[in-house]
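Chemist: Structure below; questions to follow.
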Amino acid sequence: MQRVDFGFKKVTPEEKTELVRGVFSSVAARYDAMNDLMSLGSHRLFKRMTVEMSGVRPGQRVLDLAGGTGDLAALFADVVGPTGTVILTDINAQMMAVGRERLLNKGFAQVHFCQANGEQLPFPDNSFHCVSIGFGLRNFTNKTRALSELLRILKPGGVLLVLEFSHPENPVVDAGYRLFQAFWPGMGKLLTRDSESYRYLVESIRVHPDQKALKIMMEDAGFERVSYHNLISGVAAIHRAVKPLTIEEPEIGSGP
């Protein structure tokens, strides 16, 4: 029987999907407060950098996969404007409900919502100019299948951006980061009354592929011009990749 990582545990793929769903159901209401605390607010800057690297223009279509409470979707909505479309998808209904309320209250009528599994997306081929995943890829049961789906739904020349916790390349930074992570379960218990979900968070970061391994996975899925940009010496990283062009089609974000 196939087994996959759920933090440091080995579980079946079906078990992981349900366990991840449970983790985020538990912390949805206080998810943003914990993100600010754990990252000291830096996740907001990282997300802005991700959008700036996208090349997205007004009127285009963006998929925010595993979009949760909608930080990236809101930033992309500002860029695509009222003539564009942002679709926020998440497997977790509670997380998406928080995001829906926030974004609709801000008047983002161009943002739509779809509860979906990122490994089986309900969108036609060549649907989006850009796909983003912010701190979500490590939770996928089958990352290879998810990357293939993202290649399928992107338009030729479309851009994939993956913002994710990664592995510091400086040993001093790595040691300090691990020490800081040791406090996360306790912080989670204080703010959300849930320490286990944040213990899983720490473990999921440790077993997630490092920057070079994820770059190879994206290339193997069929993406080209794959690069990554370390943030805080690799505490997080933004991976950027492009779907290959067909003949005479311009890259998304180029030209008039």
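Chemist: What lysines sit close enough to K243 to cross-link, taking a C-alpha to C-alpha distance under 30 Å and skipping anything fewer than 8 places away on the same chain?
Modeler: Hits, sequence-local ones excluded: K16, K47, K143, K155, K212, K215.
Chemist: Then there is this: Where the eigenvalues come from the Cα gyration tensor of region 109-155, what are the semi-axes √(5λ) of the equivalent ellipsoid, largest first, in whole Å?
Modeler: Working through the eigenvalues yields semi-axes of 17, 14, 10 Å.
Chemist: Hey, what D do you get for region 150-256 in µm²/s if you plug the Kirkwood alpha-carbon radius into Stokes-Einstein at 37 °C and 0.692 mPa s? Let's see the in-between values first.
Modeler: Values: Rh = 15.8 Å.
The Stokes-Einstein estimate is 208 µm²/s.
Chemist: Ok, one more. Tell me the label-point distance for the pair E196, T246, using the 7 Å Cα-to-Cβ offset, in nm and rounded to one decimal.
Modeler: Each label point is offset 7 Å from its Cα along the Cβ direction, giving 4.9 nm.
Chemist: Which far-off residues, 5 or more places away or on another chain, put their amide H under 5 Å from the one on S127, with H placed in the peptide plane?
Modeler: For S127, whose amide H was placed from the backbone, the distant partners under 5 Å are L154, K155.
Chemist: If each Cα of region 139-186 is one equal point scatterer, what is log10 of I(q)/I(0) from the Debye formula at q = 0.14, 0.26, 0.27, 0.28 Å⁻¹?
Modeler: -0.60, -0.97, -1.01, -1.05
Chemist: What FRET efficiency, computed as 1/(1 + (r/R0)^6) with R0 = 51 Å and r the Cβ-Cβ distance, is obtained for N126 and F180, rounded to the nearest 0.05?
Modeler: After rounding, the FRET efficiency stands at 0.75.
Chemist: So for the chain, taking the charge dipole from beta-carbon charges (+1 Lys/Arg, -1 Asp/Glu), which of T12, M38, C130 sits furthest toward the positive end?
Modeler: M38
Chemist: Compute the Kirkwood hydrodynamic radius of region 88-229, taking the inverse of the mean of 1/r over all pairs of distinct Cα atoms, and give it in Å to one decimal.
Modeler: Kirkwood radius, region 88-229: 17.1 Å.
Chemist: So if I place +1 on the C-beta of Lys and Arg and -1 on the C-beta of Asp and Glu, and nothing else carries charge, what would the dipole magnitude of region 1-111 be about its Cα centre? I want it in debye, nearest 20.
Modeler: On the way: 14 positive and 12 negative charges, 15 e Å.
Here the size comes out at about 80 debye.
Chemist: So what is the diffusion coefficient of region 23-176 in µm² per second by Stokes-Einstein at 20 °C and 1.002 mPa s, using a Kirkwood Rh over Cα pairs? Write down the numbers at each step before the final one.
Modeler: On the way: Rh = 15.9 Å.
Stokes-Einstein gives a translational diffusion coefficient of 135 µm²/s.
Chemist: May I have the pair-distance distribution P(r) for region 73-152, computed from all Cα-Cα distances with 5 Å bins from 0 and rounded to whole percent?
Modeler: Binned Cα distances yield the sequence 3, 14, 25, 25, 20, 10, 3, 0.
Readers should treat all values here as calculations from the given coordinates under stated rules, not as data from a laboratory. Just so we're clear, the structure is a prediction, and the values are computed from it rather than from any experiment. Glycine also receives a Cβ, built like all others from the backbone with ideal geometry; neighbour counts cover every protein chain displayed.
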